[in-house]
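Read through the structure below, which is laid out as structure tokens, and then see the notes.
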Amino acid sequence: MKRRGWGGVDGWLVGLVACILYGLTAAPAIVALFDDSLEFQLVAPTFAIAHPTGYPLYTLLGGLWSRLIFPFGNWAWRMNLLSALAGGVAIGLLYLLAKHLNGGKWWGGLAAAAAFALGPVWWSQTTVAEVYALHNLFVVAILYTAVTLGKQPSNRRMMLLCGLAGLSLTHHRTAVLLLPALALYLLWSQPSLRRPDRRWFGWFGAFLLPLLLYFYIPLRSVLGAVDLQGDYVNTWAGFWRHVLATGYTGFFSDNPLAVSRTASDWLALVVAQFGWISLALGAGGLVMGLLQRERRSPWGLVWLTLAVNLLFALNYRVADVEVFWLPVFLCLALGVGNGLFWLSRLSSGRFGWQWTIPILLLVVVVAGPGGRGAPVNRSQDWEAHKYALSLASVDFPPDSRVVGLRGQMTALQFMQTSAGMAANVQAVPLDNPDERRAFVETSVAAGLPVYLTQEVAGIENGYSFSGEGVLVRVWPRGEAQPGPPTHPLDTLLADGQLRLSGYDLALLDQPGEAVMEVAFYWQPTLQLSQRLKLSLRLLDSNGETIGAEDRYPLRQVASTTAWLPGEIVRDVHLIPFLSGAVGLLVIVYDEATAAEVGRVTLPVP
């Protein structure tokens with residue numbers, strides 16, 4: 001049998017198919033506000049500093065990819081496609097690795113590749129800017145290089161293996177979990193490595209040399225780059241604190257973000273990646289791997305890799321712990337390939353069906369019957385991007401400040417840096433409510449225009465407010481200047497206590513689902529005693545409701561009971577627009593009793 005190496009055409013074809021699949025289902029822009037993906041979508045294209053451990057390799061690759069190699073589309077999409085590319089290469093190598101482990105049979109390699117490639121946790125990480133696609137590419141590359149060393153490993157091959165191991169540590173620190181299994185495997189399978197050899201110095205150098213990439217962090221800091229949290233201090237102690245991520249050690253103990261899981265929860269997670277049939281095939285394949293004497297050492301490496309990563313994942317207390325299961329799923333997928341190989345071998349020997357059984361089993365693996373999760377398709381996921389676009393589309397006066405949660409402010413900074421929007425505003429990330437309130441008080445007193453992304457307790461009776469897109473501007477009490485409405489009205493509601501003096505209504509030019517922006521100009525004639533709420537209903541030509549949402553005025557920044565009599569309050573809402581809508585029914589009702597206090601129907605353009 002002729003053995004194919006890294007350049008096997010079949011492996012590249014498998015990887016290309018996976019890459020196309022992930023690229024077509026990748027998120028088209030920002031996909032989430034409150035996770036690391038948004039940070040990477042901003043940090044990498046600007047060659048800034050990522051959160052601990054700094055991820056220097058990913059940051060550099062992401063910057064080169066998004067600014068030089070693939071300078072098309074928005075930054076977020078470019079970074080999402082980098083994950084798709086890394087994921088596709090990982091699947092191609094996984095195919096070659098599984099094929100090598102089961103005697104060169106393509107169907108075993110294809111089964112392993114499909115079992116892992118279509119798992120929802122892995123698929124989700126290949127469609128958004130995250131570090132786990134590249135991390136697991138390193139996992140499979142290191143395993144493949146190790147098991148193809150041969151009985152007499154060449155110095156070049158060992159240098160490659162050590163270099164990959166060192167380079168993987170410049171990307172994600174959990175790559176260290178591969179080292180115990182790798183060391184035991186090499187000592188087990190390569191007896192010559194147990195004796196001192198001067199080549200060790202070269203191998204050790206190949207391992208250490210990539211670690212110099214971590215000096216990217218202080219060098220970029222000297223040049224003015226910062227991390228989004230502002231935590232990095234460019235001192236020797238600050239460097240090691242950042243690189244070693246010493247603040248993350250608490251994730252092995254009590255962590256308020258952790259989600260408690262039982263054994264049945266973990267089992268459900270694994271089943272959701274493969275389905276029961278493929279999982280059983282994988283478990284059997286792993287066992288068969290150890291029963292093959294001539295292949296026991298490489299399968300021992302797979303088993304050790306699985307065990308170490310499983311132990312880590314079970315004890316690492318974070319909300320998204322499923323991503324740390326990916327090396328475990330990868331090893332199980334190798335078992336699927338080996339299980340299919342042995343089952344087809346036994347069946348063909350018994351029934352004489354050389355190709356039928358492998359193809360049928362491949363169909364089962366791809367289909368994933370028995371509980372595998374739904375396919376992942378983020379290609380139309382525009383919600384987070386549209387929110388970021390709305391944040392940055394406000395006509396801010398000079399020296400404005402927007403105060404919000406860190407993820408919201410990162411979205412605003414992304415639009416400022418990547419699209420040149422909202423140049424007049426400074427994003428102020430403050431997760432602590434008390435700090436937000438203090439900042440509002442100080443800034444308004446200084447005469448600065450201040451905008452909020454959400455409510456801040458304790459300010460509604462001390463200021464006036466007006467809506468601007470997804471933001472609410474804070475004014476000194478009684479000094480709000482909302483401007484005139486496009487469509488004046490004089491409609492009284494709530495027994496004459498509330499006047500609708502006009503409205504603005506327009507369809508926004510945004511990607512994805514159509515959005516309608518409507519602004520109401522409310523004017524209390526008396527001090528309102530009821531906390532009022534809105535029911536916004538899109539009507540078709542027959543007057544039937546085709547879409548409805550209930551909303552709080554002013555995004556709950558100030559309830560109607562805090563509004564000043566006689567002052568006009570501009571209240572903005574973004575509503576998904578449905579085809580066929582010709583009218584917008586606005587029902588105003590008492591939040592406490594749900595009793596309607598008035599309604600008005602507005603024409604939709």
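Nothing in this text is a laboratory measurement; each read-out follows from the coordinates by a stated rule. This structure is a prediction, so every number in the text was calculated from the model and none was measured. All Cβ positions, even for glycine, are placed from backbone atoms using ideal geometry, and neighbour counts span all protein chains on display.
Brief remarks on what is shown
- Residue (of Q556, L536, L574) at the positive-pole extreme of the stretch 483-605, dipole from beta-carbon charges: Q556
- Label-to-label distance, nm, for residues given as R67 and S192 (7 Å Cα→Cβ offset): 4.5 nm
- Rounded to 10°, Cα long-axis angle of helix 132-147 versus longest principal axis of the chain: 0 degrees
- Extension gain, D10 back to S154 (0.36 nm per residue minus Cα-Cα distance, nm): 49.3 nm
- Value of Rg to Rh for the stretch 479-557 (Rh from inverse mean 1/r over Cα pairs, i.e. Kirkwood): 0.99
- Förster-model FRET efficiency, 45 Å R0, A374 and S541, C-beta, rounded to 0.05: 0.80
- Additional length obtainable on full extension of the chain from L585 to A457, 0.36 nm per residue less Cα span: 43.0 nm
- Among S37, S559, a tally of other beta-carbon atoms within 10 Å of each Cβ gives an order, fewest to most, of S559, S37.
- Calculated on alpha-carbon atoms, Rg and Dmax of the stretch 164-283 in Å: 20.4, 55
- Helix 263-274 and the long axis of the chain differ in direction by around 80°, with both axes built from C-alpha atoms.
- The convex hull built on the alpha-carbon positions of the chain has an orientation-averaged projected area of 32.9 nm².
- DSSP beta bridges fully contained in the chain are about 85 percent antiparallel.
- Principal axis analysis of the Cα atoms in the stretch 382-459 yields extents of 33, 24, 15 Å, listed in decreasing size.
- Spacing of the two label points (7 Å from each Cα toward its C-beta) at V271 and L405, in nm: 3.2 nm
- Förster radius 41 Å - calculated FRET efficiency between R241 and F204 (Cβ-Cβ, nearest 0.05): 0.95
- Extension gain, D434 to A283: 0.36 nm times the residue separation minus the Cα-Cα distance gives 49.1 nm.
- Positive-end residue, the chain charge dipole about Cα centroid, Cβ charges, pick of V176, L96, L585: L96
- Residues A595 and L212, FRET efficiency given R0 of 60 Å [Cβ-Cβ distance, rounded to 0.05]: 0.30
- Folded to 0 to 90 degrees: helix 75-101 orientation relative to the chain principal axis, Cα: 20 degrees
- Summarising the label geometry, the points placed 7 Å from Cα in the beta-carbon direction at A548 and V226 lie 4.8 nm from one another.
- For the chain, the 222 nm mean residue ellipticity estimated from helices alone, with every DSSP H stretch of n ≥ 4 adding -39500 (n - 2.57) and the total spread over all residues, rounds to -14000 deg cm²/dmol.
- Exposure proxy for D395, D550: other Cβ atoms within 10 Å of each Cβ, ordered fewest to most, give D395, D550.
- Taking 14 Å as the straight-line reach from the Cα of K105, the aspartates and glutamates in range (excluding those fewer than 8 positions away in the same chain) are D10.
- Cα centroids of the stretch 501-570 and the stretch 413-428: 27 Å apart.
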